[in-house]
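Report on one structure; see the data block that follows.
The values are calculated or read from the model by the stated rules, or taken from the named source; none is laboratory data. Bear in mind that the values here come from a model prediction, so they are computed numbers and not experimental data. With ideal geometry, Cβ positions are generated from the backbone for all residues, glycine too; neighbour counts draw on all protein chains shown. What goes into the accessible areas is simple: the full protein's heavy atoms, side chains included, and nothing from ligands, DNA or RNA. Shrake-Rupley method; radii C 1.70, N 1.55, O 1.52, S 1.80 Å.
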Amino acid sequence: MCGIVGYVGRENAREIIIDGLKRLEYRGYDSAGIAVVQNGKILLRKHVGGIANLENLIGDDPMTSGTGIGHTRWATHGAPSDLNAHPHLNGDGTIAVVHNGIIENYVELKEMLVRDHGVVFRSETDTEVIAHLIGVHYNGDLENAVYEAVSEMRGAYAISVIAAAEPEKIVAVRKDAPLIAGLGQGCNFIASDIPALLKYVKEIYLIENNEMVVLTPDSVKIYDENRQEVHRDVFHVTWDADAAEKEGYDHFMLKEIYEQPKGLYETLTRRLNEDGTIKLDGISMTKEEIEGFTKIYIVACGTAYHAGLVGKYIIEKLAKVPVEVDVASEFRYRDPFVDDKTLFIAISQSGETLDTLAALREAKRKGARVLSVVNVVGSSVARESDDVFYTWAGPEIAVASTKAYTTQLMCMYLIGLHMGYVRGTINREYYDQFIADLMTIPDKLKDCLAKNAGIIEGLSKMLYNKEQVFFIGRGLDSSVSYEGSLKLKEISYINSFAIAAGELKHGTIALMEPGTLVVTLATQDFLYEKMLSNIQEVKARGAHVLSIAKEGNTAIEAHSNEVIYIPACRDEITPLLSVVPLQLFAYYVAKERGCNIDKPKNLAKSVTVE
Ligand code: M6R
């Protein structure tokens, strides 16, 4: 996804910007570019492909200025190309703009610029409209020109702008796309994401919607949409750049799989009071509100949506409230039944997924109470929610989500337990025992990783060349199947498909052939016998069966080609363990197939377009 980095100071802006862009590479992009103000002119270099291409293009160019902006682009309007790459310039090349997001009315603005100002466009992007728009309003005052331009724009954007005539200034604006300002000594920074700046600064301003930030080497000023200066508290980033490195693992994904015991421990224990009850920091929902909810929506995308599927099961069981789970891109367009007795739970690792954010706003508009489960502190979803349950996964770099998922699950358990206890649908003894069982999970997960990683790596070498894979399970296992299937397809490009095991016979079983790989999850004691029947159905049609079961439940071996065992635990919390062999399987299969594991094709870490 697109990334922005800008620098104004006394060092070489080009070096700092390129370094920052590299730190955003994990977000996925298709082209990169940079513009600096030098000797009263804007120097522009941009290239399709990786940042290495851009560096080659720059070569020994004397880009020595202390003011510049850079960008990594993920195409929305117009194919990846040198011309469509950012930055974009106005007609006479005196204004340069980088932009994340989408300008919804760019067609009408483009027509107006051509008709009224004779503008000639060079690219197919919506962003070029912004450069020309600022250009036609510019009369020596960049802030004013940007204000005028954004007042005519509709859509979601974070933009950063430089002008040839104002060599020590960057002006940036945010609306529905992330933007931060980094505070240096004799220099300042702008960026779309914190990791871009971690090497240089730990103190930042989080820019809010509709705010403009004006940076010079010695000042950072924030203004609201009425051009009034606003005060912003400094946000101290507590994690360092090392946390975003691979620490000896071959890939970020593997590192993040192994970080799950820690993430789960942190997510759980940071929410526990000394007496073992759930701590409600950041949650202002009252007892009366919790008792009054008649319906809950859990809304999210991708892996976060799969965490919601488990959440539904758990919250309905513990708190006895009907829960509906929806993909965010559908929720807002179907006029859902939301009122002031509705709790809307948004789940998002990045907190910047536009579909989730839009659904959240729709739910709020209809009167729902909004609780979010978010990993990135200070992200848009977190800021726009009434209450926030943070996951303590730490930065997740690999596009394929792993530790965010398991920590999101942990939050689902905590939310379900808290609501159930407040609503009187579970008693204290049950509540205490459940939390005690959750406390055993980090160690069980370490054990599960230690016992299974080598076995799964070996199996992957044997099974990596399957053309299609099915994942089946019942109850909670069915929810985890969806996640296992998504993991495999997104990083190995194998056509994989998840389906509730009982539903298989209603159509999909037609696809079973000798050798078809079926991954079966059978961790629910009360559904174990039923699963064995479903496994026999596919086995009878020649499927190769790889099963996941709890230690001790060995009857499954008679029906499976291979069995991976997870540590025994209560049925409700097996998803915290059973997903891990599936993550490892996806990882090792993708590795065996030579795929780009941390940055799979066509995908981005943070999806900030609809
Ligand atoms: O940042 P979010 O949790 O809102 O992201 C949601 C999805 O885009 C994300 O989970 C995606 O499905 C991952 N690639 C899955 O591994």
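Averaging Cα coordinates gives a centre for the stretch 266-327 and one for the stretch 45-104; these two points are 43 Å apart.
Surface analysis of the stretch 479-557 yields an accessible area of 38 Å² per residue, using protein heavy atoms and a 1.4 Å probe. Expressed in units of 2.2 N^0.38 Å, where N is the residue count, the Cα radius of gyration of the chain is 1.02. Relative contact order of the stretch 53-104: 28 percent, from C-alpha pairs under 8 Å at least 6 residues apart in sequence. For the stretch 455-520 versus the stretch 157-180, the spacing of their alpha-carbon centroids is 46 Å. Can you give the relative contact order of the chain as a percent, counting alpha carbon pairs under 8 Å and 6+ residues apart? Normalised by residue count, the contact order of the chain is 12 percent. Of the residues 418, 88, ranked by 1.4 Å probe accessible area with the largest first, the sequence reads 418, 88.
For the set 189, 337, the ranking by accessible area, highest first and with no ligand, DNA or RNA atoms included, is 337, 189 under a 1.4 Å probe. For the stretch 451-582, the share of accessible area belonging to carbon and sulfur comes to 52 percent (1.4 Å probe, ligands and nucleic acids excluded). The simple spin-label model puts a point 7 Å past each Cα toward its Cβ; for residue 60 and residue 224 those points are separated by 5.4 nm. Taking every protein chain into account, the accessible area of the stretch 1-81 amounts to 35 square angstrom per residue (probe 1.4 Å). Across 74, 392, the residue with the most accessible area heads the list, and the full order at a 1.4 Å probe is 392, 74.
Working from label points 7 Å from Cα in the Cα-to-Cβ sense, the residue 568 to residue 12 distance is 6.4 nm. A Förster distance of 41 Å, applied to the separation of the beta-carbon atoms of residue 432 and residue 364, puts the FRET efficiency at 0.75. Using a probe of 1.4 Å, the accessible surface attributed to residue 533 totals some 60 Å² when neighbouring protein chains are kept in position. Accessible surface calculations at 1.4 Å, restricted to protein heavy atoms, place the stretch 247-314 at 42 Å² per residue. Pairwise alpha-carbon distances in the stretch 475-532 exceed 14 Å for 59% of all pairs. Every helix of 4 or more DSSP H residues in the chain counts as -39500 (n - 2.57), and over all residues that averages to -11000 deg cm²/dmol at 222 nm. Estimated at the nearest 10 Å², the accessible area of residue 233 is 110 Å² with a 1.4 Å probe. Ranked from largest, the principal axis spans of the Cα set of the stretch 197-316 equal 53, 47, 34 Å. Here, P(r) means the percent of Cα pairs in each 10 Å bin from 0 to the largest distance; for the stretch 103-219 it is 13, 42, 32, 11, 1.
Between residue 564 and 547, 548, 549, the built amide H atoms are under 5 Å apart, and every one of these is 5 or more places off in sequence or on another chain.
Sparse packing (at most 12 other Cβ atoms within 10 Å of the Cβ) combined with a DSSP loop state is found for the following trypsin sites (Lys or Arg not before Pro) in the stretch 494-596: 570. Note on residue 23: accessible area is roughly 60 Å² with a 1.4 Å probe, heavy atoms of protein only. With a cut-off of 13 Å between beta carbons, the residues surrounding residue 311 carry a summed charge of -3, where Lys and Arg count +1 and Asp and Glu -1. Extension gain for residue 335-residue 529 works out to 65.8 nm (0.36 nm per residue, less the C-alpha to C-alpha distance). Computed over the stretch 442-577, the Cα gyration tensor eigenvalues convert (square root of 5λ each) into semi-axes of 21, 18, 14 Å, ordered from largest to smallest. Compared with the alpha-carbon gap, the fully stretched path from residue 451 to residue 279 is longer by 58.6 nm at 0.36 nm per residue.
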